[in-house]
Amino acid sequence: MDPVFAAMRQSILEGAPERAGELARQALGDGVDPLEAVNQGFAAGITSAGEQFGRGEMFLPDLLACAEAMKAAVKVLEPEMLKQGSRREVLGKVVLGTARGDIHDIGKNLVGTILSAAGFQIFDLGTNVTPEQFVAKAREVDADIVGISALLTTTMAGQKAVIEALDRNGMRPRVKAIIGGAAVTSKWAAEIGADGFSRSASDALELAKQLMAHGEATV
Amino acid sequence: MRPRIQLLSPELIERILGEAFELLWTPGVRVGSAPVIELLRAADVEVREGVAHVPEGLVRRCLASVPRDFYLYNRQGENAVHYGGDDVHFDPGSCCVQVLDRDTLQARPSEIRDLVRIVQVAEKLSQFAAQSTAVVCTDAPGEIGDLYRLYVVLRHSNKPVVTGSFSAEGLPGMIDLLATDCGGREKLRQHPRAVFDVCPSPPLNWSEFGSRNLLDLARAGVPAEIVAMPLAGGTAPVTLAGSVTQHAAEVLAGITLHQLAGSGSPVVWGGAPAIFDMRTGAAPMGAVETAMLNMACAEVGKSLGMPTHGYLVATDSKCVDAQAGAESARSAILGALTGINMISGAGMIESLACHSVEKLVMDAESIASAYRLVRGIEASGDTLATGMFAQIGLSGEFLKLKETRAMFRQEQHIPSAVIDRGAEASHDTFARAGEGVDELVAVYEAPVISEDVLREFEGIVEREAERAGCAVGL
């Protein structure tokens, strides 16, 4: 690997936002194509971080630090990419929110951070989101995926309500609905007709990638 | 602040020691060997009909010459185990003749391959500061079974070893093995790699074999660990306090013999006390009272400034099940909170009759939790919480804080995959521990031992086999 790209990758793996930003600025100064810097340098770091997390070699705070470093690099490179008319390939547009009545958002935020770092465009509606808000945002941004989080068994019904609303508005199957949360099971996901579910934020990335590639979850 | 637990009040410890000294005088201690009787008589101890009546003054003088702490060293010559203070170490339980077969779930005779596997696993688990000569190899000649176990462990490990001899005659060969391993007798004295368990027979009986071992170890300067094992209600008073008193008398008698033979030689206040099961006559090693006995015995030893040992982290269950996990984890924590220097017993099931390498892996997790517990709660950083809130307000974004990333590893023990905290449904502990065993064996690396040393090892094993009148194929 080119030493410049290797250093970029390393800055992400170390979760060092300052270093990542500095390398991004250096790259621009040296005339490196900003898109190349993202794809071959920084994004390679995020991919590797995700793999290490999956193997249990990296932990959530590490992964979030990697994501912060990625954000710092992209922030430097993005204006130049826009100027050149190039842009980082968006893996997909994802609308995220916590179901109506539920204010627990750690899991949803983790999913957003990890998907965002990996190259998905995230539209986070926050907590206590109504089915109508999900539908409106998905339509507005032409979303590929809607992710509905619910921690409580009492608010899991809200996940079903969102899926029904997407169906009523004729947005599925083009828009994929995925769910997550502590009490969510594959049985529940099947019961309410979700396109997929994952037990962890790292699995959610794999799920989202599969939905974008194949239109269905294979895990 | 290091969390600790104390079962005995200072007043009770004083009473225990007071009565223990009384017992040493009346009824006295049975001593079985001529050299021991000679040694005692030379110290003006009255020995009548094989029973020594040991005065408190002599015992106290002997106690005074015991080193308050000492180290065991690894093959590289680094100190790896500190006997003394409140330092806590664990080693696998030892000496049984059966292992639990993972495939059949039945106990079967332990063989060389089983000992090798246990050693390989313990070598890779940092929770075990020392190895033990965990099982007898029934496919090696029984006459030199003690020596052969040590030979196998030394060949496969760099760690210190908790071992023991099966006879008075077996010990010199084992000391020869250790001396060869570290480069000579004097080096062994300076940097001992092993400690030898030596057991009196309850009540108050130092047999020929046990007492001769004590004398030989003291003279060689190789650490001895006196493992007294009163069974409350069976071979000792039924009350826990009464058994602790008998234990103290037995260990004090051992220390006296040991120090008379080699003043200043390292010796450990150890034990494997247990209650006596009134239904079966067995020694329930997983009982909470057994743990209490071990804790109390160690407390008495600690009150005298002695290095300590106990027998915990074992179970009475015949398999690696919920009972095994509960009993072993409970006693690991209690032993650590007591500050026992060496805690033997991990991996053992069936009241010490059988070893399970899968349980050893499971127990390592309990031990890691016990270590975490005794580290206690520390206030690190300038503020406890306000500094972090100053950075993130009420956003709740603690996961993104530098402090979180920097400190979570020291605040939390991160268990291996043997502990199920995953998102997906998993198979049971025994199966996960089995996978853990396979993974550890796969990454195990054999120690580097010179050809010369290996040849000398083999020469000693062959010599001892010849002495014992048996054949050994190496």
Residue in the range B:406-425 that is farther than 27 Å from A:G15 by Cβ and hydrophobic (A, V, I, L, M, F, W, C) present: yes
Test set (1) on the phi > 0 side of the Ramachandran plot; (2) crowded, with 16+ Cβ neighbours inside 10 Å; (3) more than 19 Å from the chain's Cα centre (by Cα) - A:G15 fails condition number: (3)
The range B:433-460 residues that are under 30 Å from B:C319 (Cβ atoms) and at pLDDT 95 or above, paired with ones that are outside any helix (DSSP H, G or I) and of a type in the set (G, A, S) (beta carbon under 8 Å, 6 or more apart): B:E435/B:A417; B:G436/B:S416; B:G436/B:A417
Condition check for B:S303: at pLDDT 95 or above and either of a type in the set (F, W, Y) or touching a Cys at 6+ places or on another chain (Cβ under 9 Å) (or both): no
Pair list, Cβ < 6 Å and 6+ apart or interchain, from the range B:378-395 residues that are farther than 22 Å from B:M1 by Cα to residues that are in a loop (DSSP other than H, G, I, E, B): B:M388/B:L401
Scan of the range A:93-113 for residues that are within 14 Å of chain B (Cβ to nearest Cβ), part of a loop (DSSP other than H, G, I, E, B) and of a type in the set (D, E, K, R), ordered by number: A:D105
The range B:56-112, residues that are β-branched (V, I, T) and either surrounded by 13 or more Cβ atoms within 10 Å (Cβ to Cβ) or on the phi > 0 side of the Ramachandran plot (or both): B:V59, B:V66, B:V81, B:V88, B:V97, B:V99, B:I112
Residue among A:V162, A:V141 that is closer than 25 Å to A:V90 by Cβ, crowded, with 22+ Cβ neighbours inside 10 Å and away from chain B (no Cβ under 14 Å): A:V162
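Being over 30 Å from B:A368 (Cβ atoms) and at pLDDT below 95 narrows it down to one residue among B:S33, B:S94; which is it?
None of the others qualify; the one that does is B:S33.
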Residue satisfying all of: in the range B:368-418; more than 12 Å from every other protein chain (Cβ to nearest Cβ), of a type in the set (V, I, T) and within 33 Å of the chain's Cα centre (by Cα); surrounded by the fewest Cβ atoms within 10 Å (Cβ to Cβ) among these: B:I377
Counted residues, the range A:33-49 - those being out of contact with any Cys (no Cβ under 8 Å at 6 or more places or on another chain) and crowded, with 21+ Cβ neighbours inside 10 Å: 6
Odd one out for A:G56 among (1) buried (at least 24 other Cβ atoms within 10 Å of the Cβ); (2) within 14 Å of chain B (Cβ to nearest Cβ): (1)
Odd one out for B:S426 among (1) within 13 Å of chain A (Cβ to nearest Cβ); (2) within 19 Å of B:Q127 (Cβ to Cβ); (3) loosely packed, with under 14 Cβ neighbours inside 10 Å; (4) not basic (K, R): (2)
Residue count, the range A:174-196 (criterion: within 11 Å of chain B (Cβ to nearest Cβ) and buried (at least 21 other Cβ atoms within 10 Å of the Cβ)): 2
Index of the failed condition, A:T153 passing every other in (1) crowded, with 17+ Cβ neighbours inside 10 Å; (2) at pLDDT below 95; (3) outside any helix (DSSP H, G or I): (1)
Number of the condition not met by A:D203 [criteria: (1) more than 19 Å from A:G112 (Cα to Cα); (2) acidic (D, E); (3) within 14 Å of another protein chain (Cβ to nearest Cβ)]: (1)
Subset of the range A:59-70 [within 11 Å of another protein chain (Cβ to nearest Cβ) and either hydrophobic (A, V, I, L, M, F, W, C) or closer than 12 Å to A:M8 by Cβ (or both)]: A:F59, A:L60, A:L63, A:L64, A:A65, A:C66, A:A67
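Please tell me if A:G56 is free of Cβ contacts under 8 Å to residues at least 40 places away in the same chain, at positive phi and in the same structural domain as A:G29 (by TED's automatic domain parsing).
yes
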Breaking point among (1) away from chain B (no Cβ under 14 Å); (2) in contact (Cβ under 8 Å) with a residue 24 or more places away in the chain, for A:A49: (1)
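What do you reckon, is A:F134 among the aromatic types (F, W, Y) and not in a helix (DSSP H, G or I)?
On the way: among the aromatic types (F, W, Y): yes; not in a helix (DSSP H, G or I): no.
Spelling it out, it is not the case that A:F134 is among the aromatic types (F, W, Y) and not in a helix (DSSP H, G or I).
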Unmet requirement for A:M171, which otherwise passes all of (1) over 26 Å from A:A117 (Cβ atoms); (2) within 14 Å of chain B (Cβ to nearest Cβ): (2)
Residue in the range B:431-451 that is more than 14 Å from every other protein chain (Cβ to nearest Cβ), within 27 Å of the chain's Cα centre (by Cα) and over 25 Å from B:A130 (Cβ atoms) present: yes
Count of residues meeting criterion [more than 20 Å from A:A182 (Cα to Cα) and within 14 Å of chain B (Cβ to nearest Cβ)] in the range A:114-138: 2
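Residues are listed down the side, and each one gets a yes or a no for (1) in contact with a Ser or Thr (Cβ under 6 Å, 6 or more places away or on another chain); (2) within 29 Å of B:S110 (Cα to Cα); (3) modelled with pLDDT under 95:
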site: B:A346; (1), (2), (3): no, yes, no
site: B:I367; (1), (2), (3): no, yes, no
site: B:L384; (1), (2), (3): no, no, no
site: B:A390; (1), (2), (3): no, no, no
site: B:R409; (1), (2), (3): no, no, yes
site: B:S416; (1), (2), (3): no, yes, yes
Filtered residues of the range B:316-355 (kept if assigned to a helix (DSSP H, G or I), of a type outside the set (S, T, N, Q) and surrounded by fewer than 24 Cβ atoms within 10 Å (Cβ to Cβ)): B:A322, B:G325, B:A326, B:A329, B:R330, B:I333, B:L334, B:L337, B:E350, B:L352
Within the range A:169-219, tally of residues that are assigned to a helix (DSSP H, G or I), polar (S, T, N, Q) and modelled with pLDDT of 90 or more: 1
Qualifying residue in the range A:131-139 (condition: free of Cβ contacts under 8 Å to residues at least 24 places away in the same chain and not assigned by TED's automatic domain parsing to the domain that holds A:L63): yes
Matching residues in the range A:51-80 - criterion: being under 13 Å from A:R25 (Cα atoms) and among the acidic types (D, E): A:E78, A:E80
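The values are calculated or read from the model by the stated rules, or taken from the named source; none is laboratory data. Everything numeric here is computed off the predicted structure, so don't read it as measured data. All Cβ positions, glycine included, derive from the backbone under ideal geometry; neighbour counts span all protein chains shown.
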